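As structure tokens, the structure follows; a few thoughts come after it.
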Amino acid sequence: MKVSVIIPVYNEQDTIAEAISRVRAVPIDKEIIVVDDASADGTPEVVAPLVGPDLKLVRQPRNRGKGRAIRRGLEEATGEIVLIQDADLEYDPADYPKLIAPIESGQADVVYGTRAPRFAGMRRPHRLFNWLAARLANLLYRANITDEATCYKVFRAEIIRQIPLKCERFEFCPEVTAKVRKRGIRIHEVPVSYQARSIGAGKKIRWWDGVEALWALIKYRFVD
């Protein structure tokens with residue numbers, strides 16, 4: 001099955017080329033869709049020479065946020081499986097085969113790559129947020145997951161296309177989790193490698209993004 005790897009990217013000129021190289025090295029049938037969210041650094045200039053039959057660069061006219069970039073990437077995806085990949089090198093694309101295996105075998109329609117229980121290198125506030133997000137998802141949606149906020153979310157394409165997403169920023173994760181579960185779809189988890197980076201190294205999520213994400217989990221329990 002062909003995998004559409006969507007990479008939303010904003011100001012990642014120092015890591016995007018290596019991220020693409022690691023994705024390209026994975027021996028699976030895939031297309032790579034890089035959605036540049038109006039980066040203010042040289043990110044699109046780094047990606048442009050790498051464009052080819054397996055890689056498309058989509059440039060947003062203005063900065064709209066990660067969620068909107070993912071939604072734009074979904075418009076371009078042609079694979080039977082959709083996989084979300086960050087550009088910051090925290091996650092290892094070598095995990096792709098085990099992430100897509102449950103979908104290819106018919107065991108699952110949605111797969112999350114869980115970083116639990118180690119959350120390697122993650123700061124305590126981020127660990128607390130991840131604990132809260134997973135438990136809130138389990139309480140409100142009976143999700144039975146350990147890592148709601150993981151980047152590695154993988155979908156059978158026909159499933160994710162049926163979900164009316166409204167996300168703009170980092171609320172993609174709670175929105176898609178809520179709407180997947182409200183449709184009665186089980187989330188299958190597999191363990192993945194992870195090495196956190198610091199805010200000083202370019203990590204963009206802040207405390208108010210965490211508050212927005214938790215509120216989204218609550219909000220989507222009552223609205224669609």
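The values are calculated or read from the model by the stated rules, or taken from the named source; none is laboratory data. The shown structure was predicted, so the numbers you read here are calculated from the model rather than taken from an experiment. All Cβ positions, glycine included, derive from the backbone under ideal geometry; neighbour counts span all protein chains shown.
Can you list residue pairs whose Cβ atoms sit under 6 Å apart, with the first residue in the stretch 188-200 being of a type in the set (Asp, Glu) and surrounded by 15 or more Cβ atoms within 10 Å (Cβ to Cβ) and the second being assigned to a strand (DSSP E or B) and at pLDDT 90 or above? Count only pairs 6 or more apart in sequence or on different chains.
Short answer, once both residue conditions are applied: Glu189/Tyr112; Glu189/Thr114.
Just to verify a result, which residue in the stretch 130-145, among those that are assigned to a helix (DSSP H, G or I) and in contact (Cβ under 8 Å) with a residue 12 or more places away in the chain, is surrounded by the fewest Cβ atoms within 10 Å (Cβ to Cβ)?
Taking the stretch 130-145 as the starting set, the residues that turn out to be assigned to a helix (DSSP H, G or I) are 130-141.
Now drop any that are not in contact (Cβ under 8 Å) with a residue 12 or more places away in the chain, which leaves 130, 132-134, 136-137, 140-141.
Working: Asn130: 21, Leu132: 16, Ala133: 23, Ala134: 21, Leu136: 19, Ala137: 26, Leu140: 18, Tyr141: 21.
Filtering the stretch 130-145 for residues that are assigned to a helix (DSSP H, G or I) and in contact (Cβ under 8 Å) with a residue 12 or more places away in the chain, the one surrounded by the fewest Cβ atoms within 10 Å (Cβ to Cβ) comes out as Leu132.
What about Glu158, is it under 18 Å from the mean Cα position of the chain (by Cα), within 17 Å of Gly65 (Cβ to Cβ) and charged (D, E, K, R)? Talk me through it step by step, then tell me what you get.
Working: under 18 Å from the mean Cα position of the chain (by Cα): yes; within 17 Å of Gly65 (Cβ to Cβ): no; charged (D, E, K, R): yes.
Criteria not met by Glu158.
Would you tally the residues in the stretch 1-46 being part of a loop (DSSP other than H, G, I, E, B) and among the hydrophobic types (A, V, I, L, M, F, W, C)?
Step one: of the stretch 1-46, the residues part of a loop (DSSP other than H, G, I, E, B) are 1-2, 10-15, 25-29, 37-42.
With among the hydrophobic types (A, V, I, L, M, F, W, C) added as a condition, the list becomes 1, 25-26, 28, 38, 40.
Residues that pass the stated criteria total 6.
Name the one entry in Ile70, Ile84, Ile103 that is modelled with pLDDT of 95 or more and in contact with a Pro (Cβ under 6 Å, 6 or more places away or on another chain). Write out each step before concluding.
Values: Ile84 fails: in contact with a Pro (Cβ under 6 Å, 6 or more places away or on another chain); Ile103 fails: in contact with a Pro (Cβ under 6 Å, 6 or more places away or on another chain).
When all the criteria are applied, what remains is Ile70.
For the list (1) over 27 Å from Arg181 (Cα atoms); (2) surrounded by fewer than 19 Cβ atoms within 10 Å (Cβ to Cβ), I need the number of the one condition that Ile16 fails.
(2)
Criterion first (free of Cβ contacts under 8 Å to residues at least 40 places away in the same chain and buried (at least 23 other Cβ atoms within 10 Å of the Cβ)) does Val3 satisfy it? Step through it out loud before you land on a result.
Numbers: free of Cβ contacts under 8 Å to residues at least 40 places away in the same chain: no; buried (at least 23 other Cβ atoms within 10 Å of the Cβ): yes.
Considered against the rule, which asks whether it is free of Cβ contacts under 8 Å to residues at least 40 places away in the same chain and buried (at least 23 other Cβ atoms within 10 Å of the Cβ), Val3 comes out as no.
Residue-by-condition table, conditions (1) assigned to a loop (DSSP other than H, G, I, E, B); (2) loosely packed, with under 15 Cβ neighbours inside 10 Å:
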position: Leu128; (1), (2): no, yes
position: Asp147; (1), (2): yes, no
position: Leu165; (1), (2): yes, no
position: Glu175; (1), (2): no, no
position: Ala178; (1), (2): no, no
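Quick one: would you say Glu90 is under 25 Å from Lys219 (Cβ atoms) and acidic (Asp, Glu)? Talk me through it step by step, then tell me what you get.
Values: under 25 Å from Lys219 (Cβ atoms): no; acidic (Asp, Glu): yes.
Criteria not met by Glu90.
Give me a count of the residues in the stretch 91-108 that are surrounded by 20 or more Cβ atoms within 10 Å (Cβ to Cβ) and within 23 Å of Gln13 (Cα to Cα). Explain how you work it out, then say what you get.
At the first step, the residues of the stretch 91-108 found to be surrounded by 20 or more Cβ atoms within 10 Å (Cβ to Cβ) are 91, 93, 96, 99-100, 103, 108.
Next, only the ones that are within 23 Å of Gln13 (Cα to Cα) stay: 91, 93.
The qualifying residues number 2.
So, in the stretch 47-70, exactly how many residues are closer than 25 Å to Glu171 by Cβ and in a helix (DSSP H, G or I)?
Counting residues in the stretch 47-70 that are closer than 25 Å to Glu171 by Cβ and in a helix (DSSP H, G or I) gives 5.
Do we find a residue being over 15 Å from Tyr152 (Cα atoms) and among the hydroxyl-bearing types (Ser, Thr, Tyr) anywhere in the stretch 85-96? Explain how you work it out, then say what you get.
Going through the stretch 85-96, the residues over 15 Å from Tyr152 (Cα atoms) turn out to be none.
No, the stretch 85-96 contains no residue that is over 15 Å from Tyr152 (Cα atoms) and among the hydroxyl-bearing types (Ser, Thr, Tyr).
Pairs please, first residue from the stretch 24-49 and farther than 15 Å from Asp88 by Cα and touching a residue at least 40 places away in the same chain (Cβ under 8 Å), second anywhere and part of a loop (DSSP other than H, G, I, E, B) and among the hydroxyl-bearing types (Ser, Thr, Tyr), Cβ atoms under 8 Å, 6+ apart in sequence or on different chains.
Glu31/Thr78
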